[in-house]
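Taking it in order: structure first as structure tokens, then the write-up.
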Amino acid sequence: MATSISKRVEKRRMALRAAGLRPVQIWLPDTRRPGFADECRRQSLAVAASDRSDPDLGNLLDEVLAESGEDDA
């Protein structure tokens, strides 16, 4: 006899919990929503403008890169 979908889901969730996992619900911005791309662009431009107005940012990034050892490539 076929197992109902709800029973299969319950069995799968029990197996995941037995493996030490737990369910988590995450809410994310809806990328399909009208205006989403415009808002991303607005925020990106604001960050870029802020970065350009900070004379110490380039030096800080260079120091962090040097400390990480990534500039040895």
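Read-outs: derived from the displayed coordinates by stated rules, not from any lab. On a predicted model such as this, the values are computed, not experimentally measured, just so you know. Cβ: placed from backbone, ideal geometry, glycine included. Neighbour counts: every protein chain shown.
Give me the extension gain from residue 33 to residue 54: residue separation times 0.36 nm, minus the current Cα-Cα distance, reported in nm with one decimal.
Values: separation 21, 0.36 × 21 = 7.56 nm, distance 3.29 nm.
Full extension of this stretch gives 4.3 nm more.
Which of rounded, prolate or oblate describes region 1-41 when judged by the alpha-carbon gyration tensor and an a/c cut-off of 1.5? Don't jump to the answer; show the numbers that get you there.
Numbers: a/c = 6.96, a/b = 2.38, b/c = 2.93.
Oblate shape, in that a/c is at least 1.5 and b/c is the bigger or equal ratio.
What residue among 37, 18, 46 has the largest mean-square fluctuation in a Gaussian network model of the chain, using Cα springs under 10 Å?
18
What would the Debye equation give as log₁₀ I(q)/I(0) for the chain at q = 0.17, 0.18 Å⁻¹, counting only Cα atoms as equal point scatterers?
For the chain at q = 0.17, 0.18 Å⁻¹, log10 I(q)/I(0) is -0.85, -0.87.
Between residue 25 and residue 46, what is the FRET efficiency for a Förster distance of 30 Å, r being their Cβ-Cβ separation, to the nearest 0.05?
Values: r = 30 Å, r/R0 = 0.99.
Computed FRET efficiency for residue 25 and residue 46 comes out at 0.50.
Can you pull the one-decimal nm distance between simple spin-label points at residue 68 and residue 18, each 7 Å off the Cα toward Cβ?
So the label points at residue 68 and residue 18 sit 4.2 nm apart.
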